[in-house]
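What follows draws every value from the coordinates through simple rules; no lab data is involved. On a predicted model such as this, the values are computed, not experimentally measured, just so you know. FYI the Cβ positions are ideal-geometry reconstructions off the backbone, even for glycines, and counts take in every protein chain you see.
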Amino acid sequence: MLGAGVSRWLMAVVLVAMPVGASAATLAVKVEDIDSKGGILRLSLYDEAGWSKAEDAPLMSANVPAVAPETVVVLKDVKPGVYGIKTFQDANSNGRFDQGFLGIPLERYGFSRDARPFLSEPGFNRAKITVGEGENEITIHLQ
């Protein structure tokens, strides 16, 4: 059992980390079908306004080592709301989503709700997810 001083310290840390009245969420994104080539899994969280604007930065992003066959990315302190996720496996770690002739993808990619592209990335409504308070989890299968 922890001493009273340590217990009070831990409680103070929790209170500082979670301000009174704050409603934060955690979103665990399980990305499956990771290629054994490795590299970096790049994941971005967007709201509807920023989804299709290439120049807009995502609301949140994460770059983690891509580990086959599955990598889990946890986004913390997400404001509850409606979002879309774009992700890709940057197998050569060059910081870009590589495409070949006519824009054909050379690296694995995916979207929330496993939305499939048709000539371009799917629209926000096909990929949107709702993040509620507390713990949330989704799965994306790379294509």
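Could you rank the peptides 58-65, 78-85, 130-137 by their average count of other C-beta atoms within 10 Å per residue, with the highest value first?
Taking the mean over residues of other Cβ atoms within 10 Å, the ranking is 78-85, 58-65, 130-137.
Within the range 93-127, list the residues whose amide N lies under 19 Å from a label point set 7 Å along Cα→Cβ of residue 57.
95-97
May I ask for log10 I(q)/I(0) of the range 22-141 at q = 0.13, 0.22 Å⁻¹, from a Debye sum over the Cα atoms as equal point scatterers with solvent left out?
-0.48, -1.38
Please list, in chain and number order, the residues 5+ apart from residue 107 or on another chain whose amide H is under 5 Å from its amide H, with Hs placed from the backbone.
Amide H neighbours of residue 107: 98.
Report the gain in length on full extension from residue 141 to residue 24: 0.36 nm times residue separation, minus Cα-Cα distance, nm rounded to one decimal.
39.5 nm
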